[in-house]
1. Name every residue in the range A:201-240 that is of a type in the set (Gly, Ala, Ser), out of contact with any Leu (no Cβ under 6 Å at 6 or more places or on another chain) and either in a helix (DSSP H, G or I) or surrounded by fewer than 24 Cβ atoms within 10 Å (Cβ to Cβ) (or both), in order of residue number.
2. Filter the range A:241-291 down to the residues that are more than 9 Å from chain B (Cβ to nearest Cβ), of a type in the set (D, E, K, R), touching a Ser or Thr at 6+ places or on another chain (Cβ under 8 Å) and surrounded by 19 or more Cβ atoms within 10 Å (Cβ to Cβ) and list them by number.
3. Could you tell me how many of the residues in the range B:93-105 are aliphatic (A, V, I, L, M) and free of Cβ contacts under 8 Å to residues at least 12 places away in the same chain?
4. Would you list the helices (runs of 4 or more DSSP H) that sit entirely within the range B:115-195 and hold 2 or more residues that are within 14 Å of chain A (Cβ to nearest Cβ) and under 20 Å from A:ASP268 (Cβ atoms)?
5. Tell me which residues, restricted to the range B:206-241, are within 14 Å of chain A (Cβ to nearest Cβ) and either free of Cβ contacts under 8 Å to residues at least 24 places away in the same chain or in contact with a Lys or Arg (Cβ under 7 Å, 6 or more places away or on another chain) (or both).
6. Select, from B:LEU164, B:LEU171, B:LEU138, B:LEU123, the only residue that is of a type outside the set (Lys, Arg), under 30 Å from B:ARG34 (Cβ atoms), buried (at least 17 other Cβ atoms within 10 Å of the Cβ) and in contact with a helix residue (DSSP H, G or I) (Cβ under 9 Å, 6 or more places away or on another chain).
7. Out of the helices (runs of 4 or more DSSP H) lying entirely within the range B:29-106, which hold 3 or more residues that are under 12 Å from the mean Cα position of the chain (by Cα)?
8. Out of A:ALA181, A:ALA197, A:ALA102, report the one residue that is surrounded by 15 or more Cβ atoms within 10 Å (Cβ to Cβ) and either over 23 Å from the mean Cα position of the chain (by Cα) or free of Cβ contacts under 8 Å to residues at least 12 places away in the same chain (or both).
Amino acid sequence: MNLVTSILEQLINGLRTGSIYALIALGYTMVYGIAKMINFAHGDIIMVGAYSLYVFVGMLELPVPLAIILTIVVCAILGMTIEKIAYKPLRKAPPLAVLITAIGMSYFLQSAALLIFKATPIPFGSVINVPSLRLGSITISGTTIVILAVTTVAMIVLTLFINKTKAGSAMRAVSEDKDAAELMGINVNGTISLTFAIGSGLAAVAGILYICQYPSLIPTLGALPGIKAFVAAVLGGIGSIPGAMLGGIILGIIESLSKAYISTKLADAIVFSVLVIVLLVKPSGLLGKKRTEKV
Amino acid sequence: MKKKKLKKSITNIILIIISYAAITILINSGILGRQMSSLIIPTGVNIILAVSLNLLTGFLGELTLGHAGFMSIGAYTGALITLNSGLPPAIALTLGIIAGGLVAAVFGLIIGVPVLRLRGDYLAIVTLGFGEIIKSVLTAVNFTGGAMGLSGIPKYTTYKNYTLVFIFIVLTILIISNMVHSRHGRAICSIRDNYIASEAVGIKISKYKIMAFVISAFFAGVAGVLYAHNVGILKPNNFDYNKSIEILVIVVLGGMGNIKGSVIAAIVLTLLPELLREADSYRMLFYAIVLIVMMLFNNSGLKERIMEQFKSKKQVTTEGGE
């Protein structure tokens with residue numbers, strides 16, 4: 001009975017971490033689908049989100065709902081700006097150049113945060129105040145409930161947006177074939193900007209949820225969840241939106257189970273081994289489409 | 001053709017002798033303070049790292065973010081050998097360097113084989129993942145001292161013993177530059193320039209990719225051993241993602257696929273932060289800006305536009321002169 005409870009609790013923990021990974025992975029996957037590049041700076045947008053929440057709530061003492069909206073707006077604008085400055089001029093450049101620029105951007109955000117906020121961790125209380133729930137012998141914390149609710153809503157809204165609205169179908173069209181989409185009268189630049197804005201907005205939400213779970217701010221806080229979310233995106237099949245959600249949740253559960261039952265120190269190694277194994281066995285991921293390369 | 005080659009190798013030998021003499025004079029005359037002298041070995045280590053990474057990033061055209069991982073494997077292997085073998089320093093160090101390089105090369109093979117199928121972004125992420133795996137395994141196992149690190153490593157490679165490090169720098173540069181100008185090197189470059197075409201003309205992509213990985217990892221391992229015996233203490237966190245990026249910045253600044261550039265950039269980027277002590281907190285920001293600006297300048301058509309303007313101006317002045 002005890003083992004069952006502990007496994008169930010670890011599964012819930014995994015679901016919580018996994019849904020944050022899923023939110024971040026959505027940003028990677030959307031940007032990859034449209035711009036065919038890995039936005040390395042995506043993880044650091046989580047960090048920017050966490051710090052902006054701290055500035056709005058902790059320093060300016062704005063009401064929490066307003067602060068959350070402002071945080072999302074700040075990150076969305078940041079994402080669009082990064083695309084305009086760094087990625088747009090390189091659309092026809094070799095992939096290696098884009099990749100190095102993206103790494104540079106990620107490094108830039110981290111070191112700018114380091115200069116502004118210094119390396120000492122800033123303690124920051126959770127903005128979520130929901131009582132925890134008891135189900136039999138299992139306790140589910142309020143943070144977990146909010147995180148699960150928010151991610152579920154975000155995913156449903158995103159799926160509806162992509163499948164039902166005009167802007168959503170423009171996004172799908174651009175990701176299928178950029179030139180053809182342009183000929184059909186779709187504003188390609190605008191669509192790419194919109195994708196970056198949505199992805200970064202989701203990263204901001206993930207950042208807010210992340211610091212509710214680990215309430216301490218450091219400039220590199222986005223790096224590790226960013227990379228793990230990328231692993232999740234690859235696991236689910238990069239470019240596929242349901243894949244990102246599935247991959248995130250599976251990865252979160254793997255991580256939490258290996259932390260609990262194998263070794264805390266080796267949990268990261270296990271997560272990255274998942275990436276290596278997926279790429280070896282099925283590089284297109286669980287739900288990804290296989291693309292053949294043309295000459 | 002032969003004459004040209006001979007001339008080139010004579011120039012190279014003269015260059016090596018001159019730079020060795022320059023370092024000797026600089027260290028022994030005391031022109032460099034203690035501070036600067038202590039930077040000579042780290043500069044050398046960075047040169048080896050940058051040149052070896054250049055083989056992968058510049059010539060093979062694949063970005064790897066796990067170079068610090070190879071370095072750490074070499075460093076730990078070498079340090080464990082000098083700590084536990086009980087041999088006289090010279091033999092222990094030589095053995096350590098060879099073993100460090102070889103073990104790193106084996107890991108290069110282990111990592112090189114699974115990433116054969118991957119290119120570009122995926123390869124970068126997987127090597128990053130491998131770097132993190134190596135780091136967390138080094139933290140988790142006992143014989144490396146875990147997160148506390150491995151300390152008390154005998155300092156065999158201080159600036160007083162610069163000759164050994166110098167020899168290894170020269171060896172690295174000679175081997176890698178000779179290799180890239182050889183048949184194998186041309187094959188590696190052709191994979192970078194056109195993957196499909198080089199496969200179609202019968203170049204064994206897997207073979208050359210693994211070859212590049214193994215050689216690059218070997219020299220990163222050697223650099224790690226030299227580093228370990230210079231600082232005397234190793235911690236898994238010294239070899240994180242940031243260290244790999246630092247090496248990448250050197251390669252990018254020096255020019256991808258340019259070995260001379262890597263050497264110069266390694267010297268500049270190791271000495272510059274020391275000269276601008278007050279601005280040290282801006283170092284990371286500077287690295288980031290270097291990466292972004294170099295890429296935008298070289299690839300967005302800006303370079304061509306500026307060159308064209310420069311050319312047309314020149315033409316106008318020469319025409320005017322006539």
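1. First, the residues of the range A:201-240 that are of a type in the set (Gly, Ala, Ser): A:201, A:203-204, A:206-207, A:216, A:222-223, A:226, A:229, A:232-233, A:236-237, A:239-240.
Okay, now just the ones that are also out of contact with any Leu (no Cβ under 6 Å at 6 or more places or on another chain), so A:201, A:203-204, A:207, A:216, A:222-223, A:226, A:229, A:233, A:239.
A:GLY201, A:ALA203, A:ALA204, A:GLY207, A:SER216, A:ALA223, A:GLY226, A:ALA229, A:ALA233, A:GLY239 - these are the residues of the range A:201-240 that are of a type in the set (Gly, Ala, Ser), out of contact with any Leu (no Cβ under 6 Å at 6 or more places or on another chain) and either in a helix (DSSP H, G or I) or surrounded by fewer than 24 Cβ atoms within 10 Å (Cβ to Cβ) (or both).
2. A:GLU255
3. Of the residues in the range B:93-105, 1 are aliphatic (A, V, I, L, M) and free of Cβ contacts under 8 Å to residues at least 12 places away in the same chain.
4. In the range B:115-195, B:120-140 are the helices (runs of 4 or more DSSP H) which contain 2 or more residues that are within 14 Å of chain A (Cβ to nearest Cβ) and under 20 Å from A:ASP268 (Cβ atoms).
5. Of everything in the range B:206-241, those that are within 14 Å of chain A (Cβ to nearest Cβ) and either free of Cβ contacts under 8 Å to residues at least 24 places away in the same chain or in contact with a Lys or Arg (Cβ under 7 Å, 6 or more places away or on another chain) (or both) turn out to be B:PRO236, B:ASP240.
6. Testing whether each residue is of a type outside the set (Lys, Arg), under 30 Å from B:ARG34 (Cβ atoms), buried (at least 17 other Cβ atoms within 10 Å of the Cβ) and in contact with a helix residue (DSSP H, G or I) (Cβ under 9 Å, 6 or more places away or on another chain) leaves just B:LEU164.
7. Values: elements: B:34-37, B:40-54, B:67-84.
Counting at least 3 such residues, we get B:40-54, B:67-84.
8. A:ALA181
The values are calculated or read from the model by the stated rules, or taken from the named source; none is laboratory data. Note that the structure is predicted; figures quoted are calculated from it, not measured. Cβ sites come from the backbone with ideal geometry, for glycine too, and all protein chains shown count toward neighbours.
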